[in-house]
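Since the structure comes first, as C-alpha cells, the remarks are kept for the end.
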Amino acid sequence: MVRWLGFFLAIICIFTAAQQSLAQDRADGGPTFTVSDLPTGRPLRIIVYGDMRFTETSNTSDTDPGVRKWLAQKVGEEKPDILLLTGDMPFHGSNPADWKIYDQETALWTQERLRIYPTVGNHEGLPDPISGMKNYFAAYPQIERHNYYSVQMGNIYLITLDSSTMHDWKQRRWLDAQLNHLPPSADFVFFLFHLPLVSDLQTAFMVGIPDPPTLALRHEIEARAAASHAKFAIFNGHIHNYERFEINGITHVISGGGGARPYPVFIRGDQDLYRFRTYPNFNYVVITMEGKHAEAKMYRVTDPDSDKRSVELQDSFRLDAK
C-alpha cells in the first residue's frame, strides 16, 4: 500500500512539473521586454558592434586601446536609438577593473542615455563565469539578470541568446516558444548572439566555426525563417573582422571589430558578400529602419594608427520585410 502510494505521488509530481513546464513555455512565448517610447516621425537608427575587450590601456596585444576608445566615443556621437552589442565587451568579465575601463570609455553612452541591449560573449565569463556574469548584470541592469531575452520594439522583434549556453535545453525550449509566438506586427526578427552560425571558409576550416550543433541550430532557424511572416537577420561577433552572408533567406552579419586584436581573413569564400581585402576592419554597423525597409551601412576605421582617426563607408545592404 505504501509502495503504491509513493508511486501515485511520484506520478502526480511528474504531472505537476509537466504542467508547470508547459505554463512556463506559454509565458516565455511573449517578449521579455517591450519598448513603447520609440521615436516617431523619423527613421529608427540602430547600431551593431562588439568585441571591444575593454581593459587596461597598457595591454596593446589583446586589444587596440586607442581604436577601442575612439570607436566607443564615435558610437556615442552617432546617438543611436538602439545599440546592440555582439559580446566580449570586457577582456576579462570577472575582473572589476576591466568593467571600470568600460564605464570610463563608454561614459558618453551613459550621458546620452542610450538604450543598450547586449549579448553574452565568451570573455564575459573569463576567468570565473560566476563573478563574470555578476559583473555583466551589474553593467546592464536594464536586462534584469536575463542572460537571454527578447524585446518587442515597433515592427522589430529582437531575440538575444547566450552563446555560452546555446544548446542548453532550457534556452532552446525558450527559443522554440519565442518563434512559435512571434507577434503578427513583427516585420523583422533580429537575432543577437556572439558565436556565428556561418563564417568564412578560413575560420570554418581552421577553427571549426560553426561546429556541428551550431550548424544544426542554423538549419532549424532557416526552416523557421522559411515558414515565418517575418524577415530574419542574425547579428554576431567573435570573429574580429566583418563578414556578411545571405543564406536561405536569412541575412547574417558579423561585426566583431570593436577594438579587439584584429583577425585577418585571407580566404573568405563565395558566400561572403563582403569582398574587400581591407585589413584591419575595426567597424560598426548602422541600420536605418523606416517602415518595412532598412538601409544598413558598415563604417570602417580608415586609419587606426593615426592621431586623427576617421571612418569610411565600406559596405551597405538592404533589409526588406516579406
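The values are calculated or read from the model by the stated rules, or taken from the named source; none is laboratory data. Small disclaimer: the values here were computed from a predicted structure and weren't measured. Cβ sites come from the backbone with ideal geometry, for glycine too, and all protein chains shown count toward neighbours. Ligands, DNA and RNA are stripped out before the accessible areas are found, and what is left, the full protein with its side chains, is counted by its heavy atoms. Shrake-Rupley method; radii C 1.70, N 1.55, O 1.52, S 1.80 Å.
Annotations
- Net charge of Cβ neighbours under 12 Å - reference residue 210; Lys, Arg +1; Asp, Glu -1: -1
- For residue 167, the solvent-accessible surface with a 1.4 Å probe is about 80 Å², rounded to the nearest 10.
- Look at where the Cα atoms of region 131-148 and of region 175-193 average out, and the two centres are 22 Å apart.
- Fully extending the segment from residue 37 to residue 270 would add 79.7 nm, taking 0.36 nm per residue of separation and subtracting the current Cα-Cα distance.
- When each of the peptides 290-297, 45-52, 73-80 is scored by the mean number of other C-beta atoms lying within 10 Å of its residues, the order from highest to lowest reads 45-52, 73-80, 290-297.
- Cα convex hull of the chain - mean projected area over all directions, nm²: 18.8 nm²
- As a length-normalised measure over Cα pairs under 8 Å and 6 or more apart, the relative contact order of the chain settles at 19 percent.
- Scoring 61-69, 82-90, 256-264 by mean Cβ neighbours within 10 Å over their residues and listing the highest first yields 82-90, 256-264, 61-69.
- Nearest-ten-degree value, helix 96-105 long axis tilted from longest Cα axis of the chain: 50 degrees
- Axis angle, to the nearest 10 degrees, between helix 65-78 and the longest C-alpha principal axis of the chain: 80 degrees.
- Solvent-accessible area per residue for the chain (1.4 angstrom probe, square angstrom): 47 Å²
- Based on alpha carbons, the Rg and Dmax found for region 139-272 are 15.0, 42 Å.
- FRET efficiency for the residue 320 to residue 223 pair, using the beta carbon distance and R₀ = 22 Å, is estimated at 0.60.
- Residues 266, 191, sorted by accessible area with the largest first, give 266, 191 [1.4 Å probe; ligands and nucleic acids excluded].
- Burial order of peptide ranges 128-134, 199-205 (average beta-carbon count within 10 Å, highest first): 199-205, 128-134
- Folded to 0 to 90 degrees: helix 212-227 orientation relative to the chain principal axis, Cα: 80 degrees
- For region 235-322, the fraction of alpha-carbon pairs in successive 10 Å shells from zero, as %: 16, 49, 27, 7, 0
- For region 179-223, the ratio of Cα radius of gyration to the globular rule of thumb 2.2 N^0.38 Å stands at 1.43.
- Surrounding net charge for residue 316, when Lys and Arg each add one and Asp and Glu each subtract one, Cβ distance under 9 Å: 0
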